Amino acid sequence: EITLHVGAGTFKPVKSEEIAGHTMHSEWIAVRRETIARLLRHGGQCIAVGTTSVRTLESLYYIGVMLRRRPDATQDDLHVPQWLPYDYADSDGSPLSTVEALQEVADYLDRNGLPVLHASTQLLIAPGYTYHVVRTMVTNFHQPKSTLLLLVSAFVGGDWRRIYDYALSHDFRFLSYGDSSLLNY
């Protein structure tokens with residue numbers, strides 16, 4: 001069980017010509033220590049149901065990166081800025097593995113006697129993003145010019161048009177109460 005408090009910004013269309021001109025909103029996340037342990041037992045990889053779950057799970061990786069750099073951070077310090085994944089390089093040139101990043105989160109929770117991680121994320125997943133935790137995703141079909149479609153595009157290596165053309169030609173229903181797709185990274 002994970003929680004992402006979805007804000008209205010999730011549905012805000014991207015209006016800028018370049019993705020760099022879009023400001024992603026912040027959302028609060030909560031992840032139980034037990035969930036981190038389960039992810040670690042599965043090599044740090046999972047199947048996510050819904051794009052909000054994807055954003056939360058992928059944010060965990062970058063929270064682990066931040067904790068590696070600053071293990072004394074408070075929960076208020078644990079905020080994933082939207083461009084962190086694209087700017088990230090570990091100080092020694094080698095990025096953390098997913099398991100290492102998740103272990104940083106687990107160790108942080110243990111050190112502080114916390115059963116739940118509370119943090120915030122502004123993570124913008126767009127083409128060029130490297131997925132760390134999510135390997136398979138169940139999601140609906142999303143609106144054009146949405147950050148959710150960017151997330152899907154990044155997941156399928158930019159091949160979203162073929163998938164959406166198939167859905168349109170077969171009368172699939174779109175948006176929150178529509179049909180779903182099962183996608184692999």
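The values are calculated or read from the model by the stated rules, or taken from the named source; none is laboratory data. Since this is a predicted model, take the numbers as computed values, not measurements. Every residue, glycine as well, gets a Cβ built from its backbone with ideal geometry; the counts of neighbours run over all protein chains shown. Note: accessible area is taken over every heavy atom of the protein model, side chains too, but ligands, DNA and RNA are not part of it. Shrake-Rupley method; radii C 1.70, N 1.55, O 1.52, S 1.80 Å.
List pairs: first residue in segment 1-27 and more than 22 Å from Leu175 (Cα to Cα) and among the acidic types (Asp, Glu), second residue outside any loop (DSSP other than H, G, I, E, B) and modelled with pLDDT of 85 or more anywhere in the structure, Cβ distance under 8 angstrom, at least six positions apart or on different chains.
Qualifying pairs under 8 Å: Glu1/Arg32; Glu1/Thr35.
Of the numbered conditions (1) closer than 26 Å to Ser180 by Cβ; (2) at pLDDT 95 or above; (3) among the polar types (S, T, N, Q); (4) under 12 Å from the mean Cα position of the chain (by Cα), Ser120 satisfies every one except a single condition; which is it?
Against the list (1) closer than 26 Å to Ser180 by Cβ; (2) at pLDDT 95 or above; (3) among the polar types (S, T, N, Q); (4) under 12 Å from the mean Cα position of the chain (by Cα), Ser120 comes up short only on (1).
Please find, within segment 49-72, the residue that is surrounded by the most Cβ atoms within 10 Å (Cβ to Cβ) out of those that are more than 12 Å from the chain's Cα centre (by Cα) and outside any loop (DSSP other than H, G, I, E, B).
This residue is Gly64.
How about segment 12-41: which of its residues are more than 30 Å from Glu100 (Cα to Cα) and surrounded by fewer than 15 Cβ atoms within 10 Å (Cβ to Cβ)?
Answer for segment 12-41, where residues must be more than 30 Å from Glu100 (Cα to Cα) and surrounded by fewer than 15 Cβ atoms within 10 Å (Cβ to Cβ): Pro13, Lys15, Ser16, Glu17, Glu18, Gly21.
From Pro85, Pro115, which residue is closer than 16 Å to His132 by Cα and of a type outside the set (Ser, Thr, Tyr)?
Residue meeting the stated conditions: Pro85.
In segment 88-180, which helices (runs of 4 or more DSSP H) lie fully inside it and hold 3 or more residues that are open to solvent by 30 Å² or more (accessible area, probe 1.4 Å)?
Those helices (runs of 4 or more DSSP H) span 98-111, 160-169.
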